[in-house]
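Quick note: the coordinates plus some simple rules give every number you see, no bench work behind them. Computed from a predicted model, the values in this text were never measured in an experiment. Here Cβ is always computed from backbone atoms with ideal geometry, including for glycine, and neighbour counts include all displayed protein chains.
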Amino acid sequence: MVDPVCGMRVDPATSKRFLEYKGTTYYFCGPRCLERFTADPESFLAKKKTEATPAKPGVNMLAALPAVPWTLAFPIARWPW
Ligand SMILES: [Zn+2]
């Protein structure tokens, strides 16, 4: 298992720091990582997901902005004034 906070390898057989979250058991190298994960589990799980994806979502969103059909997003703009 890998510590989701710092990325360190943790042996589930010897680790006493673990937490079950949404049906998955996460192991931690120490009490500090366990505390940080407990405080905000989603941020660490989301970060792990982002790192696994090569594409940068922020850049893609900016590139897609001009393609957004504003008349569909804001129907009021289509009204004849
Ligand atoms: Zn750690």
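Mind counting the residues in the range 1-24 that are within 11 Å of the ligand (Cβ to nearest atom), under 16 Å from Ser43 (Cβ atoms) and not charged (D, E, K, R)?
Looking only at that region, the number is 4.
Find the residue count for the range 31-47, including only residues that are surrounded by 15 or more Cβ atoms within 10 Å (Cβ to Cβ) and within 10 Å of the ligand (Cβ to nearest atom). Show your work before the answer.
Quick first cut of the range 31-47, residues surrounded by 15 or more Cβ atoms within 10 Å (Cβ to Cβ) only: 33-34, 36-37, 41, 44-45.
Next, from what is left, pick out any that are within 10 Å of the ligand (Cβ to nearest atom): 33-34, 36-37.
Counting residues in the range 31-47 that are surrounded by 15 or more Cβ atoms within 10 Å (Cβ to Cβ) and within 10 Å of the ligand (Cβ to nearest atom) gives 4.
Which residues, counting only those in the range 25-48, are over 12 Å from the mean Cα position of the chain (by Cα) and polar (S, T, N, Q)?
Of everything in the range 25-48, those that are over 12 Å from the mean Cα position of the chain (by Cα) and polar (S, T, N, Q) turn out to be Thr25, Thr38.
Yes or no: Glu20 outside any helix (DSSP H, G or I) and free of Cβ contacts under 8 Å to residues at least 60 places away in the same chain? It would help to see each step written out before you state the result.
Details: outside any helix (DSSP H, G or I): yes; free of Cβ contacts under 8 Å to residues at least 60 places away in the same chain: yes.
So Glu20 fits the description; yes.
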